[in-house]
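Report on one structure; see the data block that follows.
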Amino acid sequence: MITKMTKYKLSVKCLNCNKQFIRYISYHKHYKKCFCSPKCWYEYKKLLPFYKNFKVLKTLDSLFLSWLAGFFEGEGSIGTRNEKIRKNNVYITIPQNDVSILEHIKKQFKFGSIYKCEHASKLSKNPSYVWHVASYGLAIIFAYSVKNYIRSKIKKRKFYKWIKDNKFNKYFLFIKKELHD
C-alpha cells in the first residue's frame with residue numbers, strides 16, 4: 001500500500017530563542033524538536049543537562065557549599081578546551097585519594113563522574129580518584145553554587161574570569177529568577 005506523504009505548515013517557536021518561524025512537517029515523519037537554526041539546536045543541546053538539573057540547587061545547603069568551595073580551592077581545577085569539534089568544552093575536576101569524599105560530592109549534586117587514576121602519583125602506592133564534570137550545562141550549576149563561597153583572591157579572580165569567558169552570567173540570572181520565584 002502506497003500512502004501519499006502530506007506536509008503540514010506549522011508556525012512554531014524555537015525552543016532555544018523563542019523566535020517565531022515556519023516549519024514544514026511531513027505526516028509520516030516524527031520531528032523531535034523545533035529550532036530556527038542549527039546554532040540554536042547546538043545551544044539547546046549544550047544546555048540540556050543544565051535545564052534538567054538546575055533544581056538540584058534547592059537541595060544544597062550553605063554549610064556543604066562553603067565546605068565544597070574551600071575543598072575546591074585547595075584541590076580542584078577548572079578549564080576550557082577549545083577544540084574545533086566542540087566549542088567551549090568546559091570541565092571541572094577535583095582529585096582526591098579518599099573516594100568517599102568524592103562520592104559524597106557526587107551524591108549531593110546528583111551528577112559528575114568518578115574516575116580512578118592509578119598513575120597519578122609515582123611516589124604514592126595508593127590510587128587517586130577524580131570527580132569530573134565535562135558538561136557546559138552542569139558546569140554552570142557547579143559554578144553558580146560555589147561562586148559566593150570562594151575566598152582566595154587569586155582563585156576568585158581566575159574563577160570569575162572563567163565564568164565570564166564561558167558566558168555563564170546570563171544563566172545565573174535565569175537560575176536566580178527560577179529559584180526565588
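Quick note: the coordinates plus some simple rules give every number you see, no bench work behind them. Computed from a prediction, not measured in an experiment: that's the story for all the values here.
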remark   = Using the Kirkwood radius over Cα pairs of the stretch 54-179, the Stokes-Einstein translational diffusion coefficient at 25 °C and 0.890 mPa s, in µm²/s and rounded to a whole number, is 160 µm²/s
message = Quick one: 3J(HN,Hα) in Hz for the stretch 46-59, Karplus 6.51/-1.76/1.60 with θ = phi - 60°, rounded, Gly and Pro as x.
response = 5, 9, 4, x, 5, 5, 6, 10, 5, 6, 4, 4, 5, 8
request  = Step through the table entries 106/170; 39/155; 110/147; 116/153, compare each Cα-Cα distance with 29 Å, and write down the pairs that go over it.
outcome  = 39/155; 116/153
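Where a ≥ b ≥ c are the square roots of the eigenvalues of the C-alpha gyration tensor, would you call the stretch 123-181 rounded, which needs a/c under 1.5, or, failing that, prolate if a/b is larger than b/c, or oblate?
Details: a/c = 2.37, a/b = 1.76, b/c = 1.34.
Prolate shape, in that a/c is at least 1.5 and a/b is the bigger ratio.
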inquiry  = With θ taken as phi - 60° and the coefficients 6.51, -1.76 and 1.60, list the Karplus ³J(HN,Hα) couplings across the stretch 69-81 in order, rounded to whole Hz; mark glycine and proline as x.
reply    = 4, x, 5, 5, 4, x, 10, x, 8, 10, x, 9, 9
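Taking 0.36 nm per intervening residue step and subtracting the Cα-Cα distance, what contour gain separates residue 177 from residue 126 on full extension? All intermediate terms of the calculation are to be shown ahead of the outcome.
On the way: separation 51, 0.36 × 51 = 18.36 nm, distance 4.49 nm.
Separation in residues times 0.36 nm, less the Cα-Cα distance, equals 13.9 nm.
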